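Asks: Below: one structure in structure tokens.
The values are calculated or read from the model by the stated rules, or taken from the named source; none is laboratory data. This is a predicted model, so every value here is computed, not measured. Note that each Cβ is placed from the backbone with ideal geometry, even for glycine, and that neighbours are counted across all protein chains shown.
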Amino acid sequence: MRNTGEKIFKNLTILSSLVITIITIAIFIYLIIGALPSIKKFGLKFLWNTIWDPVTEQFSALPAIYGTIITSLLALIIGLPISLGIAIFLTEICPFRIRSTLSFIIELLGAIPSVIYGMWGLFTLSPIMQFKVGPFLNKYLGFIPLFSGYSIGVGYLTAGIVLSIMIIPIISSISREILSLVPKEQKEGALALGMTKWEMIRKVEIGNAKSGIIASAILGLSRALGETMAVTMVIGNSYQLSISLFSPGATIASTIANEFAEAFGKLHLSSLIELALILFLITFFTIAISRYVIIKRFEGL
């Protein structure tokens, strides 16, 4: 009877793994089949052309790929240091009596629907970006192409800031768990050897938890790459390329969300599916590279 139960449990775990693998492969095959008309029509030009015109049935992906990468990197650049600071504060500095309350508030941020972030970004953050932050950055950093031009509120920078707030709960929660797993004896030993608390955190805690922190950052980046609703509301939805972070733009997810319901014609629909296929591959390779980095780090230990 005991062996029967173990066999059932083992088979259920194998079945669960197979189901998620089959679903992933099925999604990939669906995207390949759906994108075939667009792939045959445009070939590799789809990746580097900048035209998206449903009337003349000319489609390409470069502005959407550019917008996806720029906003996601901005989110990571802004969100990762803040998340790491939160994780260190909750692990080492925060008084025990308020630690659980702060942790709950951060986890609550992760449960807020993305449409609420989008509304906040559009009605609260966008005017601040247009009338305060944008003019300030342009005045003092306008000689840098990234901060040139006039801010209209929505654009790459606004979308990047909203995304950074959305990925902070993911990165900070995982990083906090990883930091808390560093053996207490190592931390006490470092302090006993004369390290300051900052040196102990930097050399012992972060040093031991580096792989986990990298993994949490990649998970946050994956969330930013695929975020749709909030980005659609604050990026401006202009299918163009611009180096200025104040410019309106588009991401792969926002383009699909804006046009999928109104897509007419087989080629238009197929081009949107090819965009989805590109996003799938970007996310896949992002996670694959992160796993490779983590594995190589463990091999080097």
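Asks: Quick one: is residue 244 modelled with pLDDT of 90 or more, farther than 14 Å from residue 68 by Cβ and of a type in the set (Ser, Thr, Tyr)?
Replies: yes
Asks: Does residue 67 qualify as being touching a residue at least 12 places away in the same chain (Cβ under 8 Å) and touching a strand residue (DSSP E or B) at 6+ places or on another chain (Cβ under 8 Å)?
Replies: yes
Asks: Ok, one more. Any idea which of (1) within 27 Å of residue 144 (Cβ to Cβ); (2) of a type in the set (A, V, I, L, M); (3) within 18 Å of the chain's Cα centre (by Cα) is the one residue 243 doesn't satisfy?
Replies: With respect to (1) within 27 Å of residue 144 (Cβ to Cβ); (2) of a type in the set (A, V, I, L, M); (3) within 18 Å of the chain's Cα centre (by Cα), residue 243 is out only on (3).
Residues are listed down the side, and each one gets a yes or a no for (1) part of a loop (DSSP other than H, G, I, E, B); (2) loosely packed, with under 15 Cβ neighbours inside 10 Å; (3) of a type in the set (Phe, Trp, Tyr); (4) at pLDDT below 90:
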{"residue": "118", "(1), (2), (3), (4)": "no, no, no, no"}
{"residue": "121", "(1), (2), (3), (4)": "no, no, no, no"}
{"residue": "125", "(1), (2), (3), (4)": "no, no, no, no"}
{"residue": "131", "(1), (2), (3), (4)": "no, yes, yes, no"}
{"residue": "134", "(1), (2), (3), (4)": "no, no, no, no"}
{"residue": "143", "(1), (2), (3), (4)": "yes, yes, yes, no"}
{"residue": "151", "(1), (2), (3), (4)": "yes, no, no, yes"}
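Asks: While we're on this one: If you check residue 216 against the conditions, is it under 27 Å from residue 75 (Cβ atoms), at pLDDT below 90 and of a type in the set (S, T, N, Q)?
Replies: Details: under 27 Å from residue 75 (Cβ atoms): yes; at pLDDT below 90: yes; of a type in the set (S, T, N, Q): yes.
Answer is yes for this residue.
Asks: Still on this structure, please answer the following. Might you let me know whether the range 106-116 holds any residue that is under 22 Å from residue 250 (Cβ atoms), out of contact with any helix residue (DSSP H, G or I) (no Cβ under 6 Å at 6 or more places or on another chain) and among the hydrophobic types (A, V, I, L, M, F, W, C)?
Replies: Yes, the range 106-116 contains at least one residue that is under 22 Å from residue 250 (Cβ atoms), out of contact with any helix residue (DSSP H, G or I) (no Cβ under 6 Å at 6 or more places or on another chain) and among the hydrophobic types (A, V, I, L, M, F, W, C).
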